[in-house]
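The values are calculated or read from the model by the stated rules, or taken from the named source; none is laboratory data. A quick note: this is a predicted structure, and the numbers were derived from the prediction, not measured. Every residue, glycine among them, receives a Cβ derived from its backbone with ideal geometry; neighbour counts consider all protein chains shown. Just the protein is used for accessible areas: all its heavy atoms, side chains included, with ligands, DNA and RNA removed. Shrake-Rupley method; radii C 1.70, N 1.55, O 1.52, S 1.80 Å.
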Amino acid sequence: MFYTSEQWRFNGLPKHPDRSGTRAEYLPNSRRPDVETSSEWVLRSNELVLCVYGPAGVGKSTLAGHLSDELRSAGRLAASVFMATFPPDTPGPETMIKTLAHELGNIHPRAIPKIVEAMNHCHATSLENQLEGYILEPLRSLNHPHSLVIIVDAIDEWRHHGPFTKALVRLNSESAVVKFIMTSRLDPHTSRLPGIEKISVHSYPLRPVPQAVVKAYFDHHFESIDWDHGRKPNERQVDRLAELSGGLLVWGATVCSLLSHKFSGSTPHDILSGILAEEQKVGSTGQLAQLYYNAIIRLFPSVEDRKHLRNYLGVIVVLQEALPVHDFCCLVGMPLCLVVSIQSTLSALQTRLPPTGLEKMVHPASTLFHLSFLDYIQATLAENAFTISAFDSHSVVGLACLNHITSLPPVSSNQISFSSLHDIRRYAVKHWPLHVTHGTRRSHDEWVKTPHYSTLHTIPIAAQQRWATLFFNMLFPEAEEMVVEEQDMPSILKRIGDSLSQDGGDRWVFQVACFEVAVRLDCGCHGTWFELGRSYYEMGRKTRSPKMYEEAVVASEHALELLAAFNPERPSVLNTLGNALRSLYECTGDVNALNNSIPHLRDALALRPAPHPDRFPLLTNLAGAIQILFRRNGDLDALDESISHLRDAIRLLPASHPDRSLPLNSLGNALQTLFERNGDINALNESISHHRAALALRPEPHPDRSSSLNNLGNALQTLYECSGDIEAMNESILHLRDGLALLPASHPDRASLLGNLGRALQSLFEHNADLDTLKESISHHRDTLALRPAPHPDQPLLLNLLGNALQTLFECSGDIQALNESISHLRDALTLLPASHPDRSLLLNNLGCALQSLFEHNGDRNALYESISHHRDALALRPVPHPDRPSSLNNLGNALWSLYTCNGDLNSLNEGICRLRDALALLPALHPHRPSFLNVLAILLLSHHERFREIETLDEAIRLRYELLVLHPAGHRHRAYSVKRLAELLRIRFALIGEEADWEEIQALQREVDEYESDDESGTEDGVREEDSDTDGL
């Protein structure tokens, strides 16, 4: 066959393992409802991922295989991968993306040119770029009228699933081109699958099949069993088996396999009778465990048989790749006849066949047995007599591998390469560090008592060097042969680990194994402990796995203990330890980890005085950790400290330094937060200045330019909201539009810019009353919501923003449908947040405001009562010193005034006045919300005066109006309104007591009113209710 150069290159991509022997037969119509649901999702949904989840044995892989066949027949399959077919040494995310591309090209040859193009341009780029180049662009090139589907079975069983799922965020808005169907044992949201909260995912629980389906399964498979005299089980027996199955077809498959297996002296009816006599229905997990227990007892009746079985199972559970039977026997010291016998007998429990042509090999357990069986034999339950210790098995295999290393030829034998080694030696060279790592403990006292310790010390230095050369050749077959000059194994291992740190590929497992063995051999070397901790930390950053961060903390703490107080490497260890603890907090919410991280980062900073080049990153790391602490506890001292460190970081770099943009951006955000807490306009102006400076350092095509445009736009919008500066608002919208234009439709940050532009346009509408502006705002909010559907963590706040915008549309147009939709969105948002969520008060507040608007529209007192109830609940969640407590007090007071106006209840009016006084007492004199609160309280005090004619109440209202006049100087958009309202109150007091000073003031105010009216600038009052928005952006 003739191949073009393009085809040759394409054929060089990683290939999916042969799964012809691993496919479970799909019983026709056994999963019809699930297939229909999946098909409907493919046809109708805009979500990126359908995650089908359920326990081991429920039939996820069988369903995935059937869906793959169905979608391929319909021309809708892009590619599919089945993780159970890969060996334990599974490929990293880059290799998996290329494997998917190979599958895609095989199914759709027209995509091959784009795939080869990705091979030219995507090497060593980010996973996001590789997904776009290898998957998205080739699919786009097909111009398919519908989205094509990629199936990933058993995603949670893949060691490197974390970076892959995080990278999928780039495809979030591309569901019109590609969709993913994944299967997992756990709900992806409750199992904290990394990055899943940022992806549009629909979770679908896969339930056990109905009993009738299991019965049909038995009827079908019993046809192929050699029953005594052709006498099949009766209907009662089949019904009983179906009942015992609990709806798990894997249970049924195991029963059929046992019935088909030739036991010595046992007929299928004998075996069936034993199963029916001993089985009890104890739940799906218990049913499978009981079945596996009884099967092992029948297959391996003697104690000696089961001892050999445990040894065999232990080894294949930890085996990293298939070995010829003879080599396997040599590795573990088991007789060939015994291994062959166990293999033959154990095949009764296999749910998968070995790949074609590899039948005479010993395969890793995960490639032959169902996950439920592997879970059973590794369960640590007291009643499980067959529990396998993976630790002990790694220990055995690791020691066996080391024994093969001792006899390696010396370095001078250059004619021997890794590929030319015999299978068993290749395995030993490649995997002994991993097995020793997982089969021994780090404790020095325990390590020195192991045979691994003594064996490693007997390996000649020449053999150690030769191993390093072969190991490096295995990892980098195209590189020049490694010249090893180190004279001891710890140094050799550290050198290899350092080389792998610089490589940045999919070889992290080998890297960390080298460091793990090195710290065992030389437990007093702080540098190796530090590199081990850093390796775990870097993998934690990729996978967001708490386990990785925990290991990073342990290793870094050990390195710290070994370092003298003034060792020059101590700051680096402290920095890694502090960052690992901070990241652990971000993964788990463990506040102790966050509290412990900050002192370590402070200590690191103290050891790096200016002008040390590492002081800059230490300042930014410490500032970031302290900002997280501030967001947790609201302590302004923490925010001030963070700002101080960021200022120091900026001063360390010249104005044109490209790294300066990061602390400038962070400082701008921190200062805006400070303004929102204390109303200091100088902080906001400085924030804007820093965001401008950061933007100048991020010209196109800087990847963070859109982020800077977003942040600057938000800060300018905040300036408009507190000063009424329309130029600031117009510039804000311009920057947000520019930021949006820089992001492709698939970019994960696009939703943030859309949402913030929607907020800005809503603010602009409140200035110019242009209905088209408001409608564009609502459109952007709808688009944002579509990009982040439930259960995305931002959905409640996005629903809140859309609800607020729709309420504004109602207030300006009287469109009751808009208000009803607003209330519906706010209710939906509230249901998505647990009672303890910190944003719950925000939604309670805004729903209360919307319901009050509904009352004002139709007079429905139930809506008003509900409004007051929500405002009370919001207030209870905002105790002093919560920054939004004044807003809740204001809104509750306003709602109580509405209740007073409709029923005359004096208690409501008095409580409303009391709440508003409390609100004002909490606001500093220059807080941007103070004018609004002053206005509302003045209105309520006037109502109280009109009821009781108390001059003290009127005097208080006049004092408030005078304060408003100071806050609304000449030229302010609300000046005219404030002047009118003050003049009205002075007229009332003049009519009561006739003071000449009041009359003179009235005349002066009236002249100012006349000037405004001649300019047609009558002004409007400040908003009575304070609706909360996501002031931090999205």
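From Ser556, Ser545, which residue is open to solvent by less than 10 Å² (accessible area, probe 1.4 Å) and under 20 Å from Glu516 (Cα atoms)?
Matching residue, one of Ser556, Ser545: Ser556.
Just the residues that are in contact with a Lys or Arg (Cβ under 7 Å, 6 or more places away or on another chain) and within 17 Å of Leu622 (Cα to Cα), please, taken from the stretch 662-702.
Leu667
Scan the helices (runs of 4 or more DSSP H) fully inside the stretch 1-79 and keep the ones with 3 or more residues being at pLDDT below 90. If you could, list the steps in order and put the result at the bottom.
Working: elements: 5-11, 32-44, 60-73.
Once the helices (runs of 4 or more DSSP H) in the stretch 1-79 are filtered for at least 3 residues that are at pLDDT below 90, what remains is 5-11.
Condition first: in a helix (DSSP H, G or I) and without any contact (Cβ under 8 Å) to a residue 40 or more places away in the chain. Now tell me which residues in the stretch 606-629 satisfy that.
Matches in the stretch 606-629: Ala606, Arg615, Ile626, Leu629.
Given (1) closer than 26 Å to Glu47 by Cβ; (2) among the polar types (S, T, N, Q); (3) without any contact (Cβ under 8 Å) to a residue 24 or more places away in the chain, where does Thr773 come up short, assuming only one miss?
(1)
Please go through the stretch 730-743 and pick out each residue that is of a type outside the set (D, E, K, R) and either on the phi > 0 side of the Ramachandran plot or open to solvent by 60 Å² or more (accessible area, probe 1.4 Å) (or both). Spell out how you get there, then give the answer.
Filtering the stretch 730-743 for residues of a type outside the set (D, E, K, R) gives 730, 732-736, 739-743.
Those that are of a type outside the set (D, E, K, R) and either on the phi > 0 side of the Ramachandran plot or open to solvent by 60 Å² or more (accessible area, probe 1.4 Å) (or both): Asn730, Leu734, Ala741, Leu742.
State which residue is farthest from Thr406 (Cα to Cα) when the search covers only the stretch 490-505 and only residues that are at pLDDT 90 or above and either open to solvent by less than 40 Å² (accessible area, probe 1.4 Å) or touching a Ser or Thr at 6+ places or on another chain (Cβ under 9 Å) (or both).
Checked the stretch 490-505; the qualifying residue farthest from Thr406 (Cα to Cα) is Gly497.
Only one residue in Val966, Val979 is open to solvent by 60 Å² or more (accessible area, probe 1.4 Å) and either assigned to a loop (DSSP other than H, G, I, E, B) or out of contact with any strand residue (DSSP E or B) (no Cβ under 8 Å at 6 or more places or on another chain) (or both), so which one is that?
So the residue among Val966, Val979 that is open to solvent by 60 Å² or more (accessible area, probe 1.4 Å) and either assigned to a loop (DSSP other than H, G, I, E, B) or out of contact with any strand residue (DSSP E or B) (no Cβ under 8 Å at 6 or more places or on another chain) (or both) is Val966.
Could you list all residues from the stretch 345-365 that are surrounded by fewer than 20 Cβ atoms within 10 Å (Cβ to Cβ) and modelled with pLDDT of 90 or more?
Result: Met361, single match.
Taking the condition at pLDDT below 90, surrounded by 17 or more Cβ atoms within 10 Å (Cβ to Cβ) and over 20 Å from Ile598 (Cα atoms), does Met482 pass? I'd like the intermediate steps shown before the answer.
Numbers: at pLDDT below 90: yes; surrounded by 17 or more Cβ atoms within 10 Å (Cβ to Cβ): yes; over 20 Å from Ile598 (Cα atoms): yes.
Yes; evaluated as a whole, the condition is true for this residue.
Hey, among the residues in the stretch 987-1017 that are at pLDDT 90 or above and among the polar types (S, T, N, Q), which one's surrounded by the fewest Cβ atoms within 10 Å (Cβ to Cβ)?
That would be Gln1003.
Only one of these conditions is not met by Ala715: (1) open to solvent by 20 Å² or more (accessible area, probe 1.4 Å); (2) at pLDDT 90 or above; (3) touching a Gly at 6+ places or on another chain (Cβ under 9 Å). Which number is it?
(1) is the only condition that Ala715 fails.
Out of the residues in the stretch 617-652 that are among the hydrophobic types (A, V, I, L, M, F, W, C) and open to solvent by 30 Å² or more (accessible area, probe 1.4 Å), state the one that is farthest from Ala670 (Cα to Cα).
Per the stated criteria, the residue is Leu652.
May I ask you to list the residues in the stretch 539-565 that are assigned to a loop (DSSP other than H, G, I, E, B) and free of Cβ contacts under 8 Å to residues at least 40 places away in the same chain?
Those that are assigned to a loop (DSSP other than H, G, I, E, B) and free of Cβ contacts under 8 Å to residues at least 40 places away in the same chain: Leu563, Ala564, Ala565.
Within the stretch 112-211, which helices (runs of 4 or more DSSP H) (wholly inside it) include 3 or more residues that are within 13 Å of the chain's Cα centre (by Cα) and under 24 Å from Phe86 (Cα atoms)?
161-167
Show me the helices (runs of 4 or more DSSP H) entirely contained within the stretch 720-795 in which 3 or more residues are under 23 Å from Glu676 (Cα atoms).
726-742, 750-768
Yes or no: the stretch 897-912 includes at least one residue that is under 41 Å from the mean Cα position of the chain (by Cα) and on the phi < 0 side of the Ramachandran plot.
No, the stretch 897-912 contains no residue that is under 41 Å from the mean Cα position of the chain (by Cα) and on the phi < 0 side of the Ramachandran plot.
Looking at Thr784, Thr808, Thr773 in this structure, which one is of a type in the set (Ser, Thr, Tyr) and within 29 Å of His202 (Cα to Cα)?
Being of a type in the set (Ser, Thr, Tyr) and within 29 Å of His202 (Cα to Cα) holds for just one of Thr784, Thr808, Thr773, which is Thr784.
In the stretch 560-582, how many are open to solvent by less than 20 Å² (accessible area, probe 1.4 Å), small (Gly, Ala, Ser) and at pLDDT below 95?
Counting residues in the stretch 560-582 that are open to solvent by less than 20 Å² (accessible area, probe 1.4 Å), small (Gly, Ala, Ser) and at pLDDT below 95 gives 0.
Consider Glu766 against the criteria (1) open to solvent by 10 Å² or more (accessible area, probe 1.4 Å); (2) within 19 Å of Ser708 (Cα to Cα): it satisfies all of them except one. Which criterion is unmet?
(2)
Considering the stretch 250-262 alone, what residues qualify as being touching a Leu at 6+ places or on another chain (Cβ under 7 Å) and either open to solvent by 20 Å² or more (accessible area, probe 1.4 Å) or over 27 Å from Ser344 (Cβ atoms) (or both)?
Answer for the stretch 250-262, where residues must be touching a Leu at 6+ places or on another chain (Cβ under 7 Å) and either open to solvent by 20 Å² or more (accessible area, probe 1.4 Å) or over 27 Å from Ser344 (Cβ atoms) (or both): just Ser257.
Just one of Gln487, Gln511 is among the polar types (S, T, N, Q) and crowded, with 23+ Cβ neighbours inside 10 Å; which is it?
Gln511
Which of the residues spanning the stretch 238-249 are in contact with a Ser or Thr (Cβ under 9 Å, 6 or more places away or on another chain), open to solvent by 10 Å² or more (accessible area, probe 1.4 Å) and either assigned to a loop (DSSP other than H, G, I, E, B) or at pLDDT 85 or above (or both)?
Matches in the stretch 238-249: Gly246 only.
So which of Arg759, Arg750 is buried (at least 17 other Cβ atoms within 10 Å of the Cβ), over 25 Å from the mean Cα position of the chain (by Cα) and modelled with pLDDT under 95?
Matching residue, one of Arg759, Arg750: Arg759.
Could you list, in sequence order, the residues of the stretch 769-797 that are open to solvent by less than 20 Å² (accessible area, probe 1.4 Å) and aliphatic (A, V, I, L, M)? Break it down stepwise before answering.
Start the filter on the stretch 769-797 by keeping residues that are open to solvent by less than 20 Å² (accessible area, probe 1.4 Å), which leaves 773-774, 777-778, 781, 784, 792, 796.
Selection gives Leu774, Ile778.
Tally the residues that are of a type outside the set (A, V, I, L, M, F, W, C) and out of contact with any Leu (no Cβ under 9 Å at 6 or more places or on another chain), restricting the search to the stretch 956-972.
Number satisfying all stated conditions: 5.
Inspect all residues belonging to the stretch 366-386 and state whether any of them is touching a strand residue (DSSP E or B) at 6+ places or on another chain (Cβ under 8 Å) and either modelled with pLDDT of 80 or more or among the aliphatic types (A, V, I, L, M) (or both).
No, the conditions are met nowhere in the stretch 366-386.
Among the residues that make up the stretch 524-538, is at least one of them surrounded by fewer than 19 Cβ atoms within 10 Å (Cβ to Cβ), assigned to a helix (DSSP H, G or I), without any contact (Cβ under 8 Å) to a residue 40 or more places away in the chain and within 18 Å of the chain's Cα centre (by Cα)?
Taking every residue of the stretch 524-538 in turn, at least one turns out to be surrounded by fewer than 19 Cβ atoms within 10 Å (Cβ to Cβ), assigned to a helix (DSSP H, G or I), without any contact (Cβ under 8 Å) to a residue 40 or more places away in the chain and within 18 Å of the chain's Cα centre (by Cα).
Mind checking which residues of the stretch 924-946 are modelled with pLDDT of 90 or more and either open to solvent by 50 Å² or more (accessible area, probe 1.4 Å) or not assigned by the TED database to the domain that holds Pro969 (or both)?
Hit for the stretch 924-946 is Glu946, nothing else.
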